[in-house]
2 protein chains.
Amino acid sequence: MSTDLKTEECCPPAKEEFVGPLHGEEAETELASFARALGHPIRVAILRILMKRQECICGELVEELPVAQSTVSQHLKKLKEARLIRGTVDGPRVCYCIEPQALDRFRKLFDATFTTEG
Amino acid sequence: MSTDLKTEECCPPAKEEFVGPLHGEEAETELASFARALGHPIRVAILRILMKRQECICGELVEELPVAQSTVSQHLKKLKEARLIRGTVDGPRVCYCIEPQALDRFRKLFDATFTTEG
DNA sequence: CCTCTTTATCGCCTATCGACGATAGACGGT
DNA sequence: ACCGTCTATCGTCGATAGGCGATAAAGAGG
């Protein structure tokens with residue numbers, strides 16, 4: 001319970017709440033917003049890497065992706081704006097991780113809109 | 001079984017095949033492509049209307065949407081390019097319907113990428 | 001053939017995206 | 001304080017998105 005491991009306190013909490021209607025104009029805008037954030041191969045790749053690694057430093061993403069550091073940073077910004085990921089400052093680094101609740105919310109909106117009983 | 005009802009033969013068949021890898025660069029591009037198509041509120045609204053109505057004439061969509069006819073037509077074009085919908089010419093009209101297999105494919109790609117066992 | 005209806009396309013405009021290099025800002029280590 | 005490292009932001013550029021009105025294209029019907 002000591003404060004030795006600062007590198008590990010990135011992802012766990014996730015206190016963001018994803019509530020809101022599942023139908024109507026607002027829901028459609030929210031769904032479209034998530035979809036837009038997913039709408040680029042690099043961003044999908046970032047999320048895939050974060051799924052595999054649980055958490056990840058920006059620099060590690062840059063190593064694995066075929067684009068420049070600044071470009072990765074901009075994609076991270078969009079993912080963060082869509083609340084699909086979270087970034088935690090850890091000294092000079094930033095630790096990124098997925099916001100699972102956002103993926104759940106996206107799935108809920110998708111299902112509510114595109115399932116026959118919806 | 002006669003050929004009286006031409007207006008009804010829009011959606012049923014759906015012989016498009018959605019096969020391909022669920023992982024890797026190609027899958028990520030395909031997933032991003034679907035997401036991009038979903039990434040606009042009007043296009044989500046179009047799909048929602050088509051879910052409700054089963055099939056729909058372009059003009060009916062225009063009536064329900066707050067944008068011009070030409071704009072609706074362009075959104076329909078993108079949805080068609082993403083193979084999320086299908087359009088069948090019926091005289092001077094065009095009957096649109098959802099391509100359910102595309103939604104299934106999208107969901108499969110999404111799950112394969114963003115589920116913990118994937 | 002002409003006309004009406006319906007839909008797609010064109011042209012034009014503004015706004016946003018996506019990429020990059022360069023630079024700034026924040027932190028740790030010496 | 002001074003570096004070196006890591007990340008975000010800025011400025012720029014070309015490409016694409018998204019909107020509209022106007023126009024073209026295609027079929028139905030007189």
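Tell me which residues, restricted to segment B:88-118, are small (Gly, Ala, Ser) and more than 8 Å from chain A (Cβ to nearest Cβ). Correct list: B:Gly91, B:Ala102, B:Ala112. In segment A:18-35 there is at least one residue matching the filter, namely being modelled with pLDDT of 95 or more, open to solvent by less than 40 Å² (accessible area, probe 1.4 Å) and within 17 Å of B:Ala27 (Cβ to Cβ). Within segment A:47-84, if we keep just the residues that are within 10 Å of DNA strand D (Cβ to nearest atom), open to solvent by less than 50 Å² (accessible area, probe 1.4 Å) and closer than 23 Å to A:Phe18 by Cβ, the residue that is nearest to the other protein chains (Cβ to nearest Cβ) turns out to be A:His75.
Pairs linking a residue in segment B:81-106 that is within 14 Å of B:Val44 (Cα to Cα) and touching a residue at least 60 places away in the same chain (Cβ under 8 Å) to a residue that is open to solvent by 20 Å² or more (accessible area, probe 1.4 Å) and of a type in the set (S, T, N, Q), with Cβ atoms under 7 Å and 6 or more positions apart or on different chains, are B:Cys97/B:Gln54. Checked against (1) open to solvent by 20 Å² or more (accessible area, probe 1.4 Å); (2) among the hydroxyl-bearing types (Ser, Thr, Tyr); (3) in contact (Cβ under 8 Å) with a residue 12 or more places away in the chain, A:Thr116 passes all but condition (3). Restricting attention to segment A:36-46, and to residues there that are over 16 Å from A:Gln101 (Cβ atoms) and open to solvent by less than 10 Å² (accessible area, probe 1.4 Å), which single residue is nearest to DNA strand C (Cβ to nearest atom)? In this case the residue turns out to be A:Gly39. Only residues that are more than 7 Å from every other protein chain (Cβ to nearest Cβ), assigned to a helix (DSSP H, G or I) and β-branched (Val, Ile, Thr) were counted across segment B:10-46, and they come to 2. The test for being modelled with pLDDT of 95 or more, over 12 Å from the mean Cα position of the chain (by Cα) and within 21 Å of A:Thr113 (Cα to Cα) holds for B:Phe114.
The values are calculated or read from the model by the stated rules, or taken from the named source; none is laboratory data. Predicted, not measured: the structure shown is a model, and the values here were computed from it. All Cβ positions, even for glycine, are placed from backbone atoms using ideal geometry, and neighbour counts span all protein chains on display. All accessible areas refer to the heavy atoms of the entire protein, side chains included, with ligands and DNA or RNA removed. Shrake-Rupley method; radii C 1.70, N 1.55, O 1.52, S 1.80 Å.
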